[in-house]
Number of protein chains: 2
Amino acid sequence: MKKTQTVLALAALLTASSVAWADDQDVIDYRRHVMKTMGAQMKAIGMILEKKIPADQLLTHLKVIAATAPQARSAFEPEVEGGAAKAEVWSNWDDFSKRLDILVAGTADLVKAAETSGAAAAASKLPTSLNCKGCHDVYRNAAK
Amino acid sequence: MKKTQTVLALAALLTASSVAWADDQDVIDYRRHVMKTMGAQMKAIGMILEKKIPADQLLTHLKVIAATAPQARSAFEPEVEGGAAKAEVWSNWDDFSKRLDILVAGTADLVKAAETSGAAAAASKLPTSLNCKGCHDVYRNAAK
């Protein structure tokens, strides 16, 4: 995208009163981008835990996960079934939504722990803050 | 991964004198995870610019890109050809490395601009700070 186009696009965006979620496929696409981000970073963290790569980027990986968590919450808020999300996401919204809140708060805590007390402190919080499987087993359609 | 396993793995990691990059495939896999993160977030930002989704997560997207940039620099430092990276990455290392430094600094500036002056200020810096294509045209093998 050329510079002028980008600036114009953003300017238009910022002066518009609001931007609605355009259509269902956009919502599903956006969710995929967000969850793909989370998945890729978790794989990178997994490689650190398996000692396949050095741990020097552990903090930035945690920062990425923490910044992506609110995107996930935002991406699931529109009630659009499809993609890899099971219908239970919305039929059990109170539970699912609570899990997203825990993800957002828990990953922010992970970053704080890593920044103030080092990686070992963050490590003890990892399993509860990043329990991907706990949610995916219930709410993700693995076949999609 | 169970809690105990994770804590033990991290504890072992932190007490080890150092962890080398285990093998070439690990380096390539790690690069893929990092670049996939960047790509997924750029697609999400693209959806915002196209007004397909609301802009309320723009700052977190910029934060993710900024936190991923140093991962990219770290991921390319070991001289391992393969994956989508052209051999020119290492034969032109001074140029490539400089571009990575610009990415790291530029994306950090984007976050600062968005935090202090709002999204419009960040928008004017977007094209120079996130010139994915400029680098990919020269250094990425699109077929892989």
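The values are calculated or read from the model by the stated rules, or taken from the named source; none is laboratory data. The structure presented is a predicted model; accordingly, all values stated were derived computationally and were not measured. Every residue, glycine among them, receives a Cβ derived from its backbone with ideal geometry; neighbour counts consider all protein chains shown. Accessible surface is based on the protein model in full, side chains and every heavy atom, while ligands, DNA and RNA are left aside. Shrake-Rupley method; radii C 1.70, N 1.55, O 1.52, S 1.80 Å.
Structure summary
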{"read-out": "Residue within the range B:118-129 that is within 24 Å of B:HIS61 (Cα to Cα), touching a helix residue (DSSP H, G or I) at 6+ places or on another chain (Cβ under 8 Å) and modelled with pLDDT of 90 or more present", "value": "no"}
{"read-out": "Among the candidates A:GLY46, A:GLY106, A:GLY39, A:GLY118, residue that is out of contact with any Leu (no Cβ under 6 Å at 6 or more places or on another chain) and on the phi > 0 side of the Ramachandran plot", "value": "A:GLY118"}
{"read-out": "Residue match in the range A:65-79 (condition: facing another protein chain (nearest Cβ under 10 Å), at pLDDT below 90 and touching a helix residue (DSSP H, G or I) at 6+ places or on another chain (Cβ under 9 Å))", "value": "no"}
{"read-out": "Selection status of B:TRP21, modelled with pLDDT of 95 or more, open to solvent by 10 Å² or more (accessible area, probe 1.4 Å) and of a type in the set (Phe, Trp, Tyr)", "value": "no"}
{"read-out": "The range A:23-46: number of residues that are farther than 22 Å from B:VAL34 by Cβ and in a helix (DSSP H, G or I)", "value": "5"}
{"read-out": "Tally, over the range B:22-39, of residues that are at the interface with chain A (Cβ under 7 Å from one of its Cβ atoms) and either closer than 20 Å to B:ALA114 by Cα or of a type in the set (Ser, Thr, Tyr) (or both)", "value": "2"}
{"read-out": "Residues satisfying the stated conditions in the range B:80-103, i.e. assigned to a helix (DSSP H, G or I), hydrophobic (A, V, I, L, M, F, W, C) and surrounded by fewer than 17 Cβ atoms within 10 Å (Cβ to Cβ)", "value": "B:TRP90, B:TRP93, B:ILE102"}
{"read-out": "Identity of the residue in the range B:123-144, crowded, with 18+ Cβ neighbours inside 10 Å and not in a helix (DSSP H, G or I), that ends up nearest to the other protein chains (Cβ to nearest Cβ)", "value": "B:LEU130"}
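Let's see how each residue does on (1) in contact (Cβ under 8 Å) with a residue 60 or more places away in the chain; (2) part of a helix (DSSP H, G or I); (3) among the aliphatic types (A, V, I, L, M):
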{"site": "B:LEU59", "(1), (2), (3)": "yes, yes, yes"}
{"site": "B:THR68", "(1), (2), (3)": "no, yes, no"}
{"site": "B:PRO78", "(1), (2), (3)": "no, no, no"}
{"site": "B:ALA105", "(1), (2), (3)": "no, yes, yes"}
{"site": "B:ALA121", "(1), (2), (3)": "no, yes, yes"}
